[in-house]
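Bear in mind these aren't lab numbers, they're just calculated from the coordinates by the rules spelled out. In this text, all values refer to a predicted model and were calculated from it rather than measured experimentally. Virtual Cβ from ideal backbone geometry, glycine too; neighbours counted across all protein chains shown.
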Amino acid sequence: VQTKFAKVLIVGEPNAGKSTLFNYLIGEKISIVTHKVQTTRNAIRGILNHEQTQLVFIDTPGIFKPRITNNLERSIVRNATNALTEADILCLLIDARKPLSKETQMIIEMLAAKKEQRPVIAILNKIDAVVKEKLISQAQQLFTLEIFKSIPMISAKTGAGVERLLVELRELAQEGVWQYDEDELTDTPTRNICEDITRSELFLHLHSEIPYSLTVETEEWLTNSNNTLNIKQVIYIAKPSQKKIILGKGGNMIKLVGSKARNRISKFLGQKVNLYLYVKVKEDWQGD
Ligand SMILES: Nc1nc2c(ncn2[C@@H]2O[C@H](COP(=O)(O)OP(=O)(O)OP(=O)(O)O)[C@@H](O)[C@H]2O)c(=O)[nH]1
Ligand SMILES: [Mg+2]
């Protein structure tokens with residue numbers, strides 16, 4: 001049987017629901033989701049096989065206009081735009097609840113330049129939270145741009161419309177060899193996914209700007225004799241003054257984040273886990 005293969009890029013403004021869609025498609029919570037913008041930092045690949053077709057989805061950081069002075073913001077956006085050249089099919093995810101944003105319009109301009117080389121699709125997301133009339137006028141507005149091959153409407157949260165989208169993507173896939181093994185789910189290392197789980201708990205529990213400037217790294221990953229996995233992660237912060245906030249009163253915050261993250265990591269790995277979190281100052285990591 002002739003196999004088919006396509007890399008499908010998911011781009012869009014921050015908070016459009018890209019990682020939610022990605023996880024729904026892959027059937028695993030590989031990419032972290034929060035209600036805050038700029039959750040995803042690196043492009044992450046997930047593989048979905050169906051009959052003879054292999055689709056590789058690439059979840060990217062939301063694209064926005066970075067502040068020139070902010071190296072982290074610039075590298076986040078670069079991680080997304082670099083991925084544009086790698087894909088066979090480009091999907092722009094749009095939050096249909098609101099009018100087309102500046103960011104989305106900026107991305108549409110980037111995609112317009114690519115539409116001769118590969119199909120570009122505009123996906124209206126969050127239809128579970130929008131009235132029908134609004135959806136139709138949004139779709140019309142996008143249609144008149146003459147850039148998009150189609151304008152499917154979905155809810156990444158409920159899964160509505162996603163199966164139809166998949167049928168279309170499989171039809172667009174070209175004949176070619178599969179680039180990943182049949183049983184492979186992602187090429188992102190497991191420990192990076194676990195670092196992201198901890199980072200997302202910090203995002204969820206810290207009500208401040210700090211999560212945007214921190215990073216999580218694995219320092220130790222060891223299975224002990226009781227078959228329990230010991231993981232040591234370091235939370236790198238930009239300023240010494242942030243340490244107090246991350247630790248919380250009497251260590252409350254770090255304990256809460258640690259126990260939530262441990263449960264999720266343990267569930268993800270299907271294994272008992274001891275998670276040890278350390279906070280360290282790394283003055284200039286944003287410039288790395
Ligand atoms: N109602 C509704 N909410 C959604 C839907 N899809 C995503 N969301 C919510 O939108 C928020 C952002 O979702 P993410 O998947 O993290 O968005 P993202 O585009 O990956 O964001 P960045 O990584 O920051 O660019 C979360 O609170 C999701 O639960 C949807 O179809 N309907
Ligand atoms: Mg994301």
Report task. Specify which residue in the list GLN54, ILE44, PRO66 is farthest towards the positive end of the charge dipole of segment 1-152, using unit charges on the beta carbon of Lys, Arg (+1) and Asp, Glu (-1), about the Cα centre. Result -> PRO66
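With contacts defined as alpha carbon pairs under 8 Å and 6 or more residues apart, what's the relative contact order of segment 140-252 in percent?
14 percent
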Query raised in the report: Hey, what's the Cα Rg ratio for segment 76-197 versus the globular rule of thumb, 2.2 N^0.38 Å?
Result: 1.18
Requested in this report: Decide, for segment 95-142, between rounded, prolate and oblate: order the square roots of the alpha carbon gyration tensor eigenvalues as a ≥ b ≥ c, take rounded if a/c falls under 1.5, and otherwise choose prolate if a/b is larger than b/c, else oblate.
Outcome: prolate
Report task. Using only C-alpha positions, report the orientation-averaged shadow area of the convex hull of segment 44-91, nm², one decimal. Result -> 3.7 nm²
Query raised in the report: What are the principal axis extents of the Cα atoms in segment 1-125, in Å, biggest first?
Result: 52, 34, 29
Report summary line: With +1 at each Lys and Arg Cβ and -1 at each Asp and Glu Cβ, the charge dipole magnitude of the chain around its Cα centre, to the nearest 20 debye, comes out at 1300 debye
Query raised in the report: In whole percent, what relative contact order does segment 43-106 give with Cα contacts below 8 Å and a gap of six or more residues?
Result: 24 percent
Query raised in the report: Can you give the relative contact order of the chain as a percent, counting alpha carbon pairs under 8 Å and 6+ residues apart?
Result: 18 percent
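Roughly what percent of Cα-Cα pairs across segment 147-269 reach past 25 Å?
Across segment 147-269, Cα pairs with separations above 25 Å total 49 percent.
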Query raised in the report: In the chain, what is the volume of the convex hull around the alpha carbon atoms, normalised per residue and reported in Å³?
Result: 142 Å³
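From the helices alone, meaning DSSP H stretches of at least four residues, give me the mean residue ellipticity at 222 nm for the chain, per-run term -39500 (n - 2.57), in deg cm²/dmol to the nearest 500.
Working: 8 runs with 96 residues, N = 288.
Only helices count here, giving -10500 deg cm²/dmol.
In whole Å and largest first, what semi-axes does the C-alpha gyration tensor of segment 214-287 yield when each eigenvalue is scaled by 5 and square-rooted?
25, 15, 9
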Query - For segment 228-288 versus segment 149-219, the gap between their alpha-carbon centres in whole angstrom - result: 22 Å
